[in-house]
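Readers should treat all values here as calculations from the given coordinates under stated rules, not as data from a laboratory. If you're wondering where the values come from, they're calculated on a predicted model, not measured in any experiment. All Cβ positions, even for glycine, are placed from backbone atoms using ideal geometry, and neighbour counts span all protein chains on display.
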Amino acid sequence: YYVLFSCKTQLAKIQKESVSHVTKLQGMDCPERSVSTIIREYLKSSLDSLHETKYITDHTYSQFISRLPKIFSKCNRIESTNIPSTIEHGDFFGGNIIIHNNEPKIYDWSDSTISHPFLSIIVLLEEVKEFFSNTEAEQLLIEYLEHWTEYDTKENLYYEYCTLKTIAPSYYLSLYETFIFPSFKDNLDKKQIIESYIKKWKSRLE
């Protein structure tokens with residue numbers, strides 16, 4: 001738990017420091033992928049593609065197509081954010097944290113993008129919830145958001161995180177189908193990845 005607690009602070013520090021280096025990151029070919037832009041431009045076509053290739057059923061396709069207006073509405077909140085785009089890890093979970101010189105280090109930034117910083121903390125908090133408790137996950141979230149209070153109130157930051165969490169599965173589904181799966185030599189994990197995000201989407205958007 002101490003490792004996760006420390007990494008939360010380290011992550012926020014790295015992200016905030018990256019704000020002034022976004023142009024440099026772009027020059028290093030770090031892709032800029034706004035949550036609302038990815039969803040608005042690619043979610044419908046991603047669902048169409050997944051439906052046509054039988055990765056999702058007719059029922060699931062119809063179910064999610066009907067929810068697009070609600071998702072786009074949530075994108076409005078993310079678009080009006082005061083939080084700057086930063087480096088986003090892309091795969092921030094316990095397996096990408098190591099201990100070096102008695103201090104936790106975040107590694108494997110190969111999936112990183114320039115996007116909303118709160119995306120990075122979602123998976124880690126799910127792990128804390130699973131292996132520790134809801135209370136500890138909530139406490140880590142509050143302490144992570146504290147690092148961003150120079151940009152907005154605690155209440156608004158919390159609401160923004162919750163909004164982002166509900167649409168994150170649709171963001172990643174669009175991201176994988178549009179940019180990641182086409183570059184795979186094989187798609188052996190594709191079905192599992194899709195099912196994972198579909199399940200999260202259903203549970204978060206009720």
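Return yes when I78 is surrounded by 19 or more Cβ atoms within 10 Å (Cβ to Cβ), in a helix (DSSP H, G or I), in contact (Cβ under 8 Å) with a residue 40 or more places away in the chain and touching a helix residue (DSSP H, G or I) at 6+ places or on another chain (Cβ under 7 Å) and no when it is not. Considered against the rule, which asks whether it is surrounded by 19 or more Cβ atoms within 10 Å (Cβ to Cβ), in a helix (DSSP H, G or I), in contact (Cβ under 8 Å) with a residue 40 or more places away in the chain and touching a helix residue (DSSP H, G or I) at 6+ places or on another chain (Cβ under 7 Å), I78 comes out as yes.
When you scan the range 32-63, how many residues do you find that are part of a helix (DSSP H, G or I) and under 19 Å from the mean Cα position of the chain (by Cα)?
If we filter the range 32-63 for residues that are part of a helix (DSSP H, G or I), which is where we start, we get 35-52, 58-63.
The next check asks that each one be under 19 Å from the mean Cα position of the chain (by Cα); those that pass are 35-44, 46-47.
Adding up the residues that qualify gives 12.
Could you please find all residues in the range 170-192 being over 15 Å from I121 (Cβ atoms) and under 14 Å from the mean Cα position of the chain (by Cα)?
Taking the range 170-192 first, the residues over 15 Å from I121 (Cβ atoms) are 170, 173-192.
Within the range 170-192, S170, L173, S174, L175, Y176 qualify.
So for the range 16-31 (the condition being touching a residue at least 60 places away in the same chain (Cβ under 8 Å) and not in a helix (DSSP H, G or I)), does at least one residue qualify? Scanning the range 16-31, I find at least one residue that is touching a residue at least 60 places away in the same chain (Cβ under 8 Å) and not in a helix (DSSP H, G or I), so the answer is yes.
Can you list residue pairs whose Cβ atoms sit under 6 Å apart, with the first residue in the range 134-160 being over 21 Å from F93 (Cβ atoms) and the second being surrounded by fewer than 13 Cβ atoms within 10 Å (Cβ to Cβ)? Count only pairs 6 or more apart in sequence or on different chains. Matching pairs, first to second residue: Y151/N82; D152/N82.
Of all residues in the range 85-110, those satisfying the criterion of being touching a strand residue (DSSP E or B) at 6+ places or on another chain (Cβ under 9 Å) and either among the basic types (K, R) or free of Cβ contacts under 8 Å to residues at least 40 places away in the same chain (or both) are G90, N96, I98, K105, Y107, W109. Of the residues making up the range 126-139, those that are surrounded by fewer than 21 Cβ atoms within 10 Å (Cβ to Cβ) and under 30 Å from F179 (Cβ atoms) are E126, E127, K129, E130, A137.
Among all positions in the range 41-54, there is at least one residue which is surrounded by fewer than 18 Cβ atoms within 10 Å (Cβ to Cβ), out of contact with any His (no Cβ under 6 Å at 6 or more places or on another chain), of a type outside the set (F, W, Y) and at positive phi. Between P84, P69, the distinction of being farther than 21 Å from Q26 by Cβ and either within 22 Å of the chain's Cα centre (by Cα) or among the hydroxyl-bearing types (S, T, Y) (or both) belongs to P69 only. Among the numbered conditions (1) of a type outside the set (D, E, K, R); (2) crowded, with 16+ Cβ neighbours inside 10 Å; (3) within 22 Å of I65 (Cβ to Cβ), the only one that H89 does not meet is (3).
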